[in-house]
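All of the numbers you see were taken from the coordinates with simple rules; none came from a lab. None of these values were measured; they are calculated from a predicted model. Positions of Cβ are generated from backbone atoms using ideal geometry, with glycine treated the same way; all protein chains shown enter the neighbour counts.
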Amino acid sequence: MTSIRRTLLYALVAAVATVTLATALVVYRQARREIDQVFDYHLRQIALSLRDRVPAPEASGDGGGFDFAIQVWSADGVRLYASRLDTGLPEIAELGFATVPTRGGDWRVYSIELAGLVVQVAQPLRIRDRAAVAAAVHTLAPVLFVLPLLALLVWRIVGRALAPLERLAGAVGARSPAALEPIPEAGAPEEALPLVRSLNGLLSRLGAALATQRAFVADAAHELRTPLAALGLQVQLVERADGPEERRAALADLSAGIARATRVVQQLLTLARQEPEAAVAGGGEPVRLGELVGQSVADHALLADARGIDLGAPEAPGEAVATGDAASLRALLDALVDNAVRYTPRGGRVDVSSGLDAGRPVLEVADTGPGIPPAERERVFDRFYRLPATAEPGSGLGLAVVKAIARRHGAAVTLGDTPGGGLTVRVLFPAAPPPAATPPGVPRGAAP
């Protein structure tokens, strides 16, 4: 699991170590450059000091423990003096400064011609390296000494910087499931504000969803109490019936009550499945609306005949295909057709159609019933709301189911007037995505 604290600590310590190493390299190079200048100056001064005092010829040895090696040649190239015989320096001198490699390491050499003699002064470069390292260590010693203190400060600073996040996590973790009030933004670090605002948005949506569910459960319990109580009374009437005719009438009422209760329960279940806001727009399957229209008209044909309603589906001018869940869209259309058939008076007409409106799929159910006044067309989508003085029994859930399903599919539901009187309900879906291009040479429907 990724830890912000560890990531910051590792990154900061690595950055400090990298900067320290880079600083050490710069300091070493600068010290080496200055030491080279000083020691080159010393080599030249030693050579010049021999101008009036040339060592005795053939006075050679191991150098007496000095860091320098001196050689002197005559004008004809005969070596007159060598302070050290183990240097491995060449027998030929190049005037001026030069760096000469030998079997014992590199040497810095200065040669000059003085009073008919050639004087050469040399020094091993390892001496300069040791001096440069010592100077660099001496310079960086205070920095190396405070590195542990710097690491401790980094630990404390990172801990204090992350403390608001830990307090925020503790405040969220200490909340009860019922505590859905927004998290205070005051005191939260600026970097955590997007997270706090996202959490507050989630809490707000969760609170609204829970409130909706609580209201739904309360309304459903209240709405089911009446039909269940009626069923209980109808069962008592069946039990108390004195004769066959009275018992048949009571049984018919009981059957009708059971059918109404079943319809209410089915509508409640359908509505409950649409509540979680699981949008399917763009993520469903292609649904041919013309096929849904044919199935719904066939299923409601007996009810329409029994009520003397002319139920039909005009021929669609074009094939309409919506993207979504076929079962949910079928429930939406069934609710519209059922409402239209139930509220249209005997001898009326109900037309169910599908088509395209500016390239967008559309479903339309038009009836010749009493219609809905414009002032009530927003409220009829509320659960359990019914128009005043409505004689037809119902639960007030049909259009609520339609609205919930349409919202899941990104569709818009509008109520309008039918020419000649009545209500027309239109469900306009988003435009379907274009079909995938068929590869050249591959016929449609064939596997590439």
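For this structure, a couple of remarks:
- Each of ILE70, ILE405, ILE309, ILE157 was scored by other Cβ atoms within 10 Å of its Cβ. Listed from fewest to most, they are ILE157, ILE70, ILE309, ILE405.
- Averaged over residues, the count of other Cβ atoms within 10 Å places the peptides 196-202, 172-178 in the sequence 196-202, 172-178, highest first.
- The protection proxy used here, the mean number of other Cβ atoms lying within 10 Å of each residue, ranks peptides 331-338, 23-30, 289-296 as follows, highest first: 331-338, 289-296, 23-30.
- Footprinting exposure proxy ranking of LEU89, LEU165, LEU193, LEU423, fewest other C-beta atoms within 10 angstrom first, gives LEU193, LEU165, LEU89, LEU423.
- Under a 5 Å amide H cut-off, with hydrogens placed 1.01 Å from N, VAL350 pairs with ASP310, LEU311, GLY312 among residues at least 5 apart or on other chains.
- As computed over region 285-428, the Cα convex hull volume per residue (Å³): 108
- Database remark: amide H of ASP357 closer than 5 angstrom to the amide H of VAL362 (H placed geometrically; neighbours at sequence offset of 5 or more, or on other chains; Pro and chain starts carry no H).
- Long-range tail of P(r) for region 4-134 (Cα pairs > 25 Å, %): 39
- Cβ-based exposure ranking for HIS42, HIS409, HIS300, in which fewest neighbours within 10 Å come first: HIS42, HIS300, HIS409
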